[in-house]
């Protein structure tokens, strides 16, 4: 599935930290993320709103708000993006790495024709004539399965449906043949039936063009069906990363477990009681000293409150399954922590066990 | 107009709302009109949750809103407590309005940012306050019930998270002791962990205050979880209606099957049927079955003759005995 892992990495990120200077103080949106994406691989990043997944993906394409600062290294296709010369930068972002945004309604310019929006990047980045750019744009529209592409070139975004617009946005991202595609919630604004066709299209294009892809989503179902590996993000940190199958069948982090349990399962009968995650994510302006999930976690022990666990793999287990937890699910340490909390009636963070298991308000 | 049938309407004493042949059309000038809802019938029994699913633009929100006469439907009748409320005068309608409440998709923008939580929840009581049974101390009880600390009554919506705002919306909807609450995509804007809290809360409130829900969502897993009965809509028509478990176990309309196959990550109930193409124009809807242009099994009959809703399980069979109805000439029956 992941292809040859020993081949060069498309993306290498080491100890990435992104901080924003806000009136209320410094907000650390991404807190020490390191990851690798191989060529032709799809990595999904899942997490709730505010977990930092969008900020993370935007730093890869050099889109950082003015009040943000970044430390740590990002290598795309083996090249450190901080080492690029000014001339190289100009034709790097948008060419080597491209992005698809969430809302197809607002990511197109309403007063420009589809054709001119599609050819704009090509004319700027690649040295092509207008006629050639037009030809390539029509071919792109064909590739994303837009019927009668010649007519579409002359239309405005409001003349297309949401699904068609998202196809145009995808065609725009592909215009300069990127090797890494970042899709930030590409189907959230679309109907399920359209969502399926768009995700199928992305799969198809990724294979055709040997692209790597980062799929940002809050939908675990989408991540499971479309990604080789999945990273679960919470409070700016990757809490668990594994191949898609491993993550669902053999999860280690209590947050992953809680997230999965909170989703209605269509294979269960109706009115099955759902298990929400109690509490709220931590305030990133004043992050907790220990594990950010400890306050909502059913396995939380005293050590979770005092120090932050780092990502590591099971001893002797699969090296590509890493998690940041002292008392992981499905291990003796996790079982012991859970049993101790059950006996005490509450977790070390003072959360009553009744709220995390079974009966609720 | 060819009917979509009323075979699925139930003859029971506890039917609370009964909608027959409802049509909603919006004129758009030049003599043209958008056919938003075309001859939809359904009923809602006491304490039941009816889920309505379909793609955007299929008329699911319009159906629910026209049921409570916002706007009044172009044609058809809505029976509530033995009276047809489409025939009501404005004042008569005002008198029954407290029985119907709504919860909207975006919890933050559906609360007035300049009012306190207490004022927001109390507004209905102020309008109907002369009735002795509605007292202001009910607000604290309600805030408690939906999980908002009553001490926060003087706070404003921006001081709460999205999930908490949705709890406030639920309290506001419950304050006048309604019979029916329309939930229009109430959890779509929420994260999954909060979504589970709100869905559980809706179930609890339904049990505690004895309301019926009309639950609109595009998320099939959510609809299956909360509904007793589910109606699938396509272009202003009912495709299929059945008990929640029955519908998900045995989808028979080709559109329902395509919807289920599109649930991401879920094991496809049906084989991999995806639907191609776009919704036809609602200004000039096709004759015959409206899904025919995108249906894998469409024949000439489908393009000319409109299917009526008919029962496909044995009389009194299925779960709950309310039956499984489909509007298709060639449903998939295993």
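What the table shows:
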read-out	value
Count of region B:223-259 residues which are more than 8 Å from every other protein chain (Cβ to nearest Cβ) and in a helix (DSSP H, G or I)	8
Residue A:331, sole failed condition from (1) surrounded by fewer than 14 Cβ atoms within 10 Å (Cβ to Cβ); (2) within 18 Å of residue A:241 (Cβ to Cβ)	(1)
Flag if residue B:153 is surrounded by fewer than 19 Cβ atoms within 10 Å (Cβ to Cβ), more than 8 Å from chain A (Cβ to nearest Cβ) and under 28 Å from residue A:234 (Cα atoms)	no
Restricting region A:147-161 to residues that are in a helix (DSSP H, G or I) and within 14 Å of chain B (Cβ to nearest Cβ), the residue that is nearest to residue A:110 (Cα to Cα)	A:159
Residue match in region B:313-330 (condition: at pLDDT 90 or above and within 28 Å of residue A:274 (Cα to Cα))	yes
Pair list, Cβ under 9 Å, 6 or more apart: region B:12-34 residue at pLDDT below 95, other residue assigned to a strand (DSSP E or B) and surrounded by fewer than 11 Cβ atoms within 10 Å (Cβ to Cβ)	B:33/B:27; B:34/B:27
Selection status of residue A:140, surrounded by 21 or more Cβ atoms within 10 Å (Cβ to Cβ), away from chain B (no Cβ under 14 Å), at pLDDT 90 or above and over 21 Å from the mean Cα position of the chain (by Cα)	yes
Selection within region B:260-309 - crowded, with 18+ Cβ neighbours inside 10 Å, modelled with pLDDT under 80 and more than 9 Å from every other protein chain (Cβ to nearest Cβ)	B:273
Odd one out for residue B:164 among (1) within 14 Å of another protein chain (Cβ to nearest Cβ); (2) more than 22 Å from residue A:275 (Cβ to Cβ); (3) over 21 Å from the mean Cα position of the chain (by Cα); (4) crowded, with 18+ Cβ neighbours inside 10 Å	(2)
Qualifying residue in region A:172-179 (condition: within 14 Å of chain B (Cβ to nearest Cβ) and either within 30 Å of residue A:219 (Cβ to Cβ) or not in a helix (DSSP H, G or I) (or both))	no
Set A:245, A:228, A:200: member being surrounded by fewer than 19 Cβ atoms within 10 Å (Cβ to Cβ) and more than 11 Å from chain B (Cβ to nearest Cβ)	A:245
Flag if residue A:238 is more than 9 Å from chain B (Cβ to nearest Cβ) and either crowded, with 17+ Cβ neighbours inside 10 Å or part of a helix (DSSP H, G or I) (or both)	yes
Criterion: more than 28 Å from residue A:37 (Cβ to Cβ), in contact (Cβ under 8 Å) with a residue 24 or more places away in the chain and in contact with a helix residue (DSSP H, G or I) (Cβ under 8 Å, 6 or more places away or on another chain) - qualifying residue of A:301, A:239	A:301
Any hit, region B:171-192, residues being assigned to a helix (DSSP H, G or I), away from chain A (no Cβ under 14 Å) and either within 23 Å of residue A:189 (Cα to Cα) or out of contact with any helix residue (DSSP H, G or I) (no Cβ under 7 Å at 6 or more places or on another chain) (or both)	yes
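Residue-wise test of (1) within 9 Å of another protein chain (Cβ to nearest Cβ); (2) in a helix (DSSP H, G or I); (3) more than 28 Å from residue A:28 (Cβ to Cβ).
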site: A:264; (1), (2), (3): yes, no, yes
site: A:269; (1), (2), (3): yes, no, yes
site: A:278; (1), (2), (3): yes, no, no
site: A:285; (1), (2), (3): no, no, no
site: A:300; (1), (2), (3): no, no, no
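The values are calculated or read from the model by the stated rules, or taken from the named source; none is laboratory data. All of these numbers come straight from a predicted model, not from anything done at the bench. Cβ sites come from the backbone with ideal geometry, for glycine too, and all protein chains shown count toward neighbours.
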